[in-house]
Amino acid sequence: MKKLKILVLIGGMFLLSGCSVEYNLTIDKTTMEEDINAIFDKTSESELASRMETIRRSAYYNFDTRENEYYTFNKREDDNNIILNYNYEYTGNNLYKSEAASRCYYKRIVNVTDENITINTDNQVACLFKDGEREIDDITVNIRTDLIVLENNADEVNDNVYTWYINDQNYTNKPIYIKIEKDFQKESIVSQVIPIIIIVLVVIGIGILIYFRVQKKHMKNNQIT
């Protein structure tokens, strides 16, 4: 019986009753870093959070080594919430093996080529409900990248963050789609402004030099007269 309870808890890491999930994925040219927060209300869900704290879920099964790769686990608290954090950095196409992603999207494609990175899922999110009962309140998916995004179906875009909001009103038709170009990166505001500053300083410097030369020539002419 005890073993059965443990298995139920392990199987329910991403199917948690009364919690919100924040799924963050940071993408660069060579890696994809998964950072997942399971957020519990202190007043009503602290016991569940304590039970879940003892579980270290595998990120995915590595067929090359025939061993599980595990999330790095951390716990933190603020005034209202208990937050369990799971983090793992993937390379190549390995993100498609993600345990977290597989629980929410049965069908998913992660395609990494020399030119592009494409992530595409099926429509229905499978992890909000289980056997007809509500398991997760809501999920926020944030994909961050400084690479050029060619196509996406995000609900919201804020600079380099692409966000999808998943809840019981839209979970039956909430695919994630993003296509990223690997060859070029967005220039940061600083990198765009620096050349302009340099040009302005050069122009000012030339102007000052010309001014002093004119003044010096004018003084010589006055001395001769």
In debye to the nearest 20, the charge dipole size for segment 2-185, taken about the Cα centre with +1 at each Lys and Arg Cβ and -1 at each Asp and Glu Cβ, equals 920 debye
Quick note on CYS104, CYS127, ordering by fewest other C-beta atoms within 10 Å, gives CYS127, CYS104
Exposure proxy check on PHE73, PHE40, PHE212: fewest-to-most Cβ neighbours within 10 Å is PHE212, PHE73, PHE40
Cα pairs beyond 23 Å in segment 2-185, in percent, come to 43 percent
Counting Lys and Arg as +1 and Asp and Glu as -1 over every other residue whose Cβ sits under 13 Å from the Cβ of LEU25, the net charge comes to -4
Around SER50 (Cβ within 12 Å, Cβ-to-Cβ, excluding SER50; K/R +1, D/E -1) the net charge comes to -1
Expected sort for ARG76, ARG57, ARG66 with the fewest Cβ neighbours (10 Å cutoff) up front is ARG66, ARG76, ARG57
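We did not get these values from a lab; they are worked out from the coordinates using the rules stated. This structure is a prediction, so every number in the text was calculated from the model and none was measured. For neighbour counting, all protein chains shown are included, and Cβ atoms are generated from backbone atoms with ideal geometry for every residue, glycine included.
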